[in-house]
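> Supplied in structure tokens, the structure appears directly below.
The values are calculated or read from the model by the stated rules, or taken from the named source; none is laboratory data. Worth saying up front: this structure is predicted, and the values here are computed from it rather than measured. Quick reminder, even Gly has a Cβ in these numbers, built from the backbone with ideal geometry, and neighbours come from all protein chains shown. In case anyone asks, the SASA skips ligands and DNA or RNA and just uses the protein heavy atoms, side chains included. Shrake-Rupley method; radii C 1.70, N 1.55, O 1.52, S 1.80 Å.
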Amino acid sequence: MGDSQSPSGSPSGPGTVVETTFEVSNQAYPFIGVTEEMDCRAELERMLPRGADRYAEFFTFVGVDPARVLQSADGRGMVEPRLVAEYESGGLFEFVVSDSCPAWKLAQLGAVPQTVVGEDGTGRITAEIPRDTDPSAVVSEFVEAYPTAELLVKRRSDEITPLFTMEQLELAVEEALTDRQQELLLGAYEAGYYDRTSDVTGEEIAAEFDISSTTLSQHLAAAERKLVSVFVDDVIDSRST
């Protein structure tokens, strides 16, 4: 990490990656509202593209009955929730989100959400802004879109944190995926689909494989769920013991 800056500070210099942390208090978002309602903690494990400007957010909730989380999240109408795995004091959930989610907004503005935590009815989102994106514009547009958001930290960082490394991808591919899922996931990865600074679309990748974008999306969604399960096995194991 580079030198810290105050929220009003302005990290500068060509090629600088900027890390920002926002506090958000809107109870409508499940990772915030559920933690207030049920006195639990939520933490983002992974955030993956789902096409058509949608993302799948994989959250671990700790200290709560998973059935209550699912019911509360579904009732808020802002996400499509699914219980991925259950353990003794919580569970792993998939939330499919679009423009109602602050982490989604940051991704659309060109930032890369890295840490999203909800606790005691307050959310904190840390996102990295790549070198080719104007950090002042990202902060300004985000706060305008989410008036309850407050910028807490703005500092320089050495480099962007990848969504997942090639080593992690290869491990998951070897352990969990079908041949077709391997082919499409690796093809999408190599084309830059999982690089949030890239403008490659699912439609373009689908055309390369001579399949429909819907078929591609279905294959990638299935592969991503298996991928995430490999990545968070240690989380589930630690919560189950």
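> Enumerate the amide H contacts of residue 153 below 5 Å, restricted to partners 5 or more residues apart or on another chain; note that Pro and chain-start residues carry no placed amide H.
Under 5 Å from the amide H of residue 153: 21.
> Quick one: which residues, 5+ away or cross-chain, put their amide H under 5 Å from the amide H of residue 121? H built at 1.01 Å from N.
Long-range HN contacts for residue 121: 35, 36.
> Cβ neighbours within 10 Å, averaged per peptide: list 119-131, 200-212, 70-82 in order, most packed at the top. Display every interim value, and only then the final one.
Numbers: 119-131: 19.4, 200-212: 14.6, 70-82: 16.4.
With the highest mean Cβ count within 10 Å placed first, the list reads 119-131, 70-82, 200-212.
> A further question on this structure: Run the 1.4 Å probe and let me know the accessible area of residue 213, rounded to the nearest 10 Å².
It works out to around 50 Å².
> Let me ask you something else. Please calculate the 1.4 Å probe accessible area of residue 105, with all protein chains present, and give it to the nearest 10 Å².
About 50 Å², ignoring ligands and nucleic acids.
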